[in-house]
Every structure is written in structure tokens, then in C-alpha cells.
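Colleague: Following this message is one structure expressed as C-alpha cells.
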Amino acid sequence: MIQRRYLLGGMACLMAAPSARAETFPDRPVRMIVPFPPGGSADPIGRVLASVMDKSLGQNVIVENRSGAGGVIGTDAVAKAQPDGYTIGLVGVGSMTVVQHLLPDVPYKAERDLAPVSLAVAVPQLLVASKKLGISNVQELIAKAKAQPGRFTFASSGNGNSPHLAMASFGLHTQIQLVHVPYRGVAPAITDLLAGRVDLMFADLPALVGPVRDKAITGLALGSTERSPALPDVPTLDEAGVRGVDVENWYGIVAPAGTPRDRIARLHRSVAAALEQPDARRRLVDLGVRIVGSSPEEFADHLQRESVKWAGLIRDANITLE
């Protein structure tokens with residue numbers, strides 16, 4: 001994963017020779033489209049970044065939630081905005097590297113229509129269980145599911161979204177059969193999990209930290225390579241005995257393709273400064289995310305690798321949107 005030293009190096013490089021046009025940009029507020037509703041993990045991440053980026057840019061960064069179709073509607077709005085630097089988007093794995101392998105008619109092509117600015121944060125996905133299921137660890141879950149194939153259900157925030165793919169990967173590696181119950185967003189899925197109407201769920205850690213800390217649901221394992229300071233007692237899947245399940249989510253900033261390079265550089269410096277600001281770092285870490293940061297070029301490479309990874313899982317798990 002991209003390390004913090006690359007973030008600092010990229011900032012120094014980009015700050016070395018700003019153009020005159022970059023010096024006058026921006027001269028009015030910048031809009032950040034978050035293609036998900038309030039209540040999930042993307043919205044608070046976007047708002048933390050926006051609240052600090054505006055200090056670096058010298059203009060307000062206004063968050064606009066434009067949800068629907070698993071992030072496609074909002075991401076398409078970014079792709080179709082004027083390429084002048086005044087519209088950016090907070091995007092995640094689904095709308096940038098997954099949906100193109102599931103839908104034949106996505107209204108944009110990520111690699112053609114969107115310009116990477118910076119990978120911002122990595123977000124562990126957390127496997128949780130309803131209290132009604134009566135389990136406390138991953139091995140109990142596997143044993144119970146193998147004893148009763150197809151008996152237990154898992155919620156997701158939508159068919160083909162990253163929580164669905166995370167559980168599909170978990171099921172492939174553990175050879176268990178679970179019944180998928182897709183919801184229209186993470187909030188109603190968590191509501192039914194809390195009520196015991198569904199048994200299990202993967203979701204971004206920030207959306208689940210509160211209920212796990214309150215012991216309303218059971219945190220079983222993180223789909224990341226290391227534990228999170230937000231839930232230090234919850235093991236990784238590797239530690240729980242399930243190896244090879246790489247289901248860490250991420251969020252980054254993009255702009256419409258064709259945005260002038262000096263404005264991409266200006267926006268990148270603003271994201272980099274936000275990720276280095278102590279209070280923003282504290283707030284992000286408290287949400288349960290891991291701060292990454294990258295150059296635009298590193299983010300583009302990351303997008304290509306992620307597309308290959310998720311395409312393989314979709315093929316192996318035979319996932320469709322039908």
C-alpha cells in the first residue's frame with residue numbers, strides 16, 4: 001500500500017513550480033459530490049476532508065450527497081461536470097473498479113472520464129454478527145454455517161456492492177453457503193441486523209464502530225492486514241484463521257477528465273494537506289480508517305490493480321446483478 005512518505009514527496013514535487021493559473025484557482029467554492037447518502041462511512045470521511053481542504057484552498061468545499069445505484073449516479077455527475085476543478089468527487093471501490101464488471105451500460109468509463117487526484121484513506125471492512133446468532137468468533141460461524149448450509153443470512157448495502165463482494169470472498173475461502181439479503185443502503189441493513197432479522201454482515205468499519213462498541217452486535221473480524229485502533233480487540237481474518245480474504249475498501253478524490261493539470265495539482269496539494277492536518281487525522285482514525293494519501297499517478301495505478309482483483313472475484317463467485 002502507498003506509504004506516507006510518498007504523500008509528502010508528492011506534495012514537495014507539486015509545490016515546487018506552481019503556474020500562474022494555479023495561483024488564481026480557486027476563486028469560488030468547490031463542490032465535492034459524495035455519491036452515497038448520510039449514514040454510511042463515505043459521508044463523514046468526505047465531510048472531514050472538506051472541512052480541512054477549504055483552509056488550504058482558501059474557498060469553501062461544499063459536500064453534496066448524490067446517492068443511488070451503488071454510487072454510480074453521483075460518480076456519473078462528477079464525470080459529466082465541467083472540467084474546471086470546481087467539481088470533485090469522493091469515490092470508492094464500487095463505482096470505480098467493480099460496477100464496470102457487473103453492468104453492461106455504466107454511463108461513464110472511470111479510466112476515460114475521471115481524473116485521479118489522490119487516494120485518501122483505506123477502510124477495513126468488518127464482519128459482524130447479530131446477537132441472536134449466538135456466536136463470538138469466526139470459527140464458530142464457520143462451524144455453524146457448515147452444519148446448516150444455506151440456513152444463515154447476510155445483509156449487504158446492495159447487490160454487487162463491496163459488502164456483498166466481501167462476503168462472497170469470505171464464502172469462497174471458507175466454503176460455506178449463506179443467503180444474500182441486499183438492501184438499498186447500509187443504514188437499513190444495519191437496522192435489520194440489530195433487530196436480528198438478518199444474521200451477518202460485512203460493511204465499512206466506520207458504519208459499524210458504534211454498534212460494536214455498544215455491544216449491540218458482535219464484531220468478528222476485519223478484512224484488512226492489521227487491527228484497527230478503533231476496535232483493537234477485534235482480530236483480522238488472518239488472525240481468525242481465514243487467510244487470503246483481501247476486502248479492504250478505500251476512498252479517493254477524483255475530478256472530471258480534462259481538468260487542467262495545474263488544477264489537479266492544486267487539488268492534490270489540498271488533499272495532501274488535509275491528510276497531514278492533526279485534527280483531521282485524529283477524526284479519520286477515530287472513524288476507523290487508515291490514512292493513505294497518494295499522487296494522482298499512484299492512484300491511477302491503484303485503480304488498475306483493484307479492477308483486476310475485483311473482476312477475478314466476480315468471475316470466481318459467479319456474481320451477477322440479475
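Colleague: Counting only helical runs of four or more DSSP H residues, what would the 222 nm mean residue ellipticity of the chain come to if each run contributes -39,500 (n - 2.57) and the total is spread over all its residues?
Modeller: It comes out at -12500 deg cm²/dmol, rounded to the nearest 500.
Colleague: If the cut-off is a Cα-Cα distance under 22 Å, which lysines reach LYS80, setting aside same-chain residues fewer than 8 apart in sequence?
Modeller: Partners found: LYS109.
Colleague: Amide H neighbours of GLY293 under 5 Å, counting only residues 5+ apart in sequence or on other chains, H built in-plane at 1.01 Å?
Modeller: Amide H neighbours of GLY293: ALA120, VAL121.
Colleague: Go through segment 240-322 and name the trypsin sites (Lys or Arg not before Pro) that are in a DSSP coil and have 13 or fewer other Cβ atoms within 10 Å of their Cβ. Can you show the working numbers first?
Modeller: Numbers: sites: ARG243, ARG261, ARG263, ARG266, ARG269, ARG281, ARG282, ARG283, ARG290, ARG305, LYS309, ARG315; in loops: ARG243.
Answer in residue order: ARG243.
Colleague: Under 22 Å Cα-Cα from LYS132, which lysines qualify once same-chain neighbours fewer than 8 residues away are excluded?
Modeller: Within the straight-line limit of under 22 Å, LYS132 reaches these lysines: LYS144, LYS146, LYS215.
Colleague: As a test, work out the antiparallel percent of DSSP beta bridges whose residues both lie in the chain, rounded to the nearest 5. Can you show the working numbers first?
Modeller: Details: 24 of 39 bridges.
Percentage antiparallel, nearest 5: 60.
Colleague: Taking the mean number of other Cβ atoms within 10 Å as a proxy for protection, how do you rank 222-228, 134-140, 32-38 from highest to lowest?
Modeller: Final packing ranking: 32-38, 222-228, 134-140.
Colleague: I want to verify the translational diffusion coefficient of the chain in µm²/s; compute it with Stokes-Einstein, Rh as the Kirkwood radius over Cα pairs, at 37 °C and 0.692 mPa s.
Modeller: The calculation lands on 165 µm²/s.
Colleague: Give me the net charge of THR174's neighbourhood, meaning all other residues with Cβ under 11 Å from the Cβ of THR174; Lys, Arg count +1, Asp, Glu -1.
Modeller: Neighbour charge sum, excluding THR174 itself: +2.
Colleague: Which GluC sites (Glu not before Pro) in segment 227-298 sit in a loop by DSSP (not H, G, I, E or B) and have at most 15 other Cβ atoms within 10 Å of their own Cβ? Walk me through the numbers on the way to the answer.
Modeller: Values: sites: GLU239, GLU248, GLU276, GLU297, GLU298; in loops: GLU239, GLU248.
Passing sites in segment 227-298 are GLU239.
Colleague: At q = 0.13, 0.17 Å⁻¹, what is the log10 ratio I(q)/I(0) for segment 184-300, with the Debye formula run over Cα points and no solvent?
Modeller: -0.67, -0.97
Colleague: Still on this structure: Give the residue list of trypsin sites (Lys or Arg not before Pro) in segment 117-166 that are DSSP loop and have at most 13 other beta-carbon atoms within 10 angstrom.
Modeller: Qualifying residues, ordered by number: ARG151.
Throughout, read-outs are computed from the coordinates displayed, never taken from laboratory work. Remember, predicted model here, so these are calculated numbers, not experimental data. Reconstructed Cβ throughout: ideal geometry from the backbone, glycine too, with neighbour counts over all protein chains shown.
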